[in-house]
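Got a structure for you, written out below as structure tokens; questions coming shortly.
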Amino acid sequence: MFEGPLQDLIDEFSRLPGVGPKSAQRIAFYLLQTEPEDIDRLRAALAAVRDGVTFCRICNNVSREEVCRICADSGRDKATVCVVEDAKDIQVIERTGEYAGRYHVLGGALDPLANIGPKDLAIASLLQRIGGVQPDLEGEAIPEIAEVILATDPDTEGEATASYIARLLKDFPDLTVSRLASGMPLGGDLEFVDELTLSRALTGRLKL
């Protein structure tokens, strides 16, 4: 245990996800030897995150403006919405270069053990978007959504969330609801694939 501000800083770093006590201590001592200008830049960046980051009123993505750059892009396919758990998932999909539609960020996944229910996620606003209730960009007609891609994580919480949303979307008869495929990883060895992954690969097999 150290005294005063140094220990306070270590304690704060320890609260960050993925940062243990030893890592927090190394970061704190690194900052202790850092130039004042670097500390000022870090402080300014933290303040900018606190004061300058908001959430898109259309898709709930992290944004600097009221509408994020993806929703504001007229070149994106407005008829397709990819539903993800967190804003960071958008970057993963964007890096593939295979998707050109819009997104909807739920803000998490259903998790009864953590007391996270449907009301804690942006599910209601998703239904509003599909029903044409939520306003789009000013001066533009609200697009008719033809397909919703459920891209929640392939774990227990993500599967439960996808199943729950899929049931709700059955009220929209003309809407196509799809789920990201999952199965055998490229370069994988069949011998080492777990049963759940192999089961998904068999269920979602493609005709050649």
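The values are calculated or read from the model by the stated rules, or taken from the named source; none is laboratory data. For clarity, every value in this text was computed on a predicted model and none was experimentally measured. Because the Cβ atoms are built from the backbone with ideal geometry, glycine has one as well, and the counts that use them run over all protein chains shown. All accessible areas refer to the heavy atoms of the entire protein, side chains included, with ligands and DNA or RNA removed. Shrake-Rupley method; radii C 1.70, N 1.55, O 1.52, S 1.80 Å.
Give the longest segment of the chain that steers clear of GluC sites (Glu not before Pro) in DSSP loops with at most 16 neighbouring Cβ atoms within 10 Å, not counting the sites themselves.
The reported range is 145-208.
Based on the alpha carbon coordinates of the chain, what radius of gyration and maximum Cα-Cα distance (Dmax) apply, in Å?
21.5, 67
Let me check I've understood the local charge: for Phe2, count other residues with C-beta under 14 angstrom from its C-beta, Lys and Arg +1, Asp and Glu -1. What total comes out?
Surrounding charge for Phe2 is -2.
Under the rule of at least 5 residues apart or a separate chain, name every residue whose amide H is placed under 5 Å from the amide H of Val177.
HN-HN under 5 Å from Val177: Val148.
Could you give me the percent of Cα pairs per 5 Å distance bin for segment 6-52, shortest bin first, beginning at zero and ending with the bin that holds the maximum distance?
5, 22, 22, 26, 20, 5, 0
Along segment 164-173, what does the Karplus equation 6.51 cos²θ - 1.76 cosθ + 1.60 (θ = phi - 60°) give for ³J(HN,Hα), rounded to whole Hz, x for Gly and Pro?
Listing the rounded values in order: 5, 5, 4, 5, 5, 6, 5, 6, 10, x Hz.
Counting only protein heavy atoms, what percent of the accessible surface of the chain is carbon or sulfur at a 1.4 Å probe?
Carbon with sulfur: 56 percent of the solvent-accessible area.
Return the whole-Å distance between the Cα centroid of segment 142-162 and the Cα centroid of segment 73-102.
Value for the Cα centre distance between the two parts: 12 Å.
Under the 0.36 nm per residue contour assumption, what length would be gained going from the current alpha-carbon distance of Ile27 and Gln91 to full extension?
Gain in length upon complete extension: 20.4 nm.
Near Arg95, within a Cβ-to-Cβ distance under 13 Å, what is the net charge of the other residues, with Lys and Arg +1 and Asp and Glu -1?
Net of charged neighbours comes to -2.
Can you give the FRET efficiency to the nearest 0.05 for Ala47 and Ser182, using r as the Cβ-Cβ distance and R₀ = 30 Å?
E(calc), rounded to 0.05, equals 0.15.
Moving to a separate point now. Given R₀ = 41 Å, FRET efficiency for Arg15-Thr197 by Cβ-Cβ distance, to 0.05?
0.75
Related question: Accessible area per residue of segment 48-118 at 1.4 Å probe, in Å²?
So segment 48-118 comes to 55 Å² accessible per residue, rounded to a whole number.
I'd like to know how segment 76-179 sits against the 2.2 N^0.38 Å rule of thumb: what's its Cα Rg over that expected value?
Its radius of gyration relative to the 2.2 N^0.38 Å reference: 1.05.
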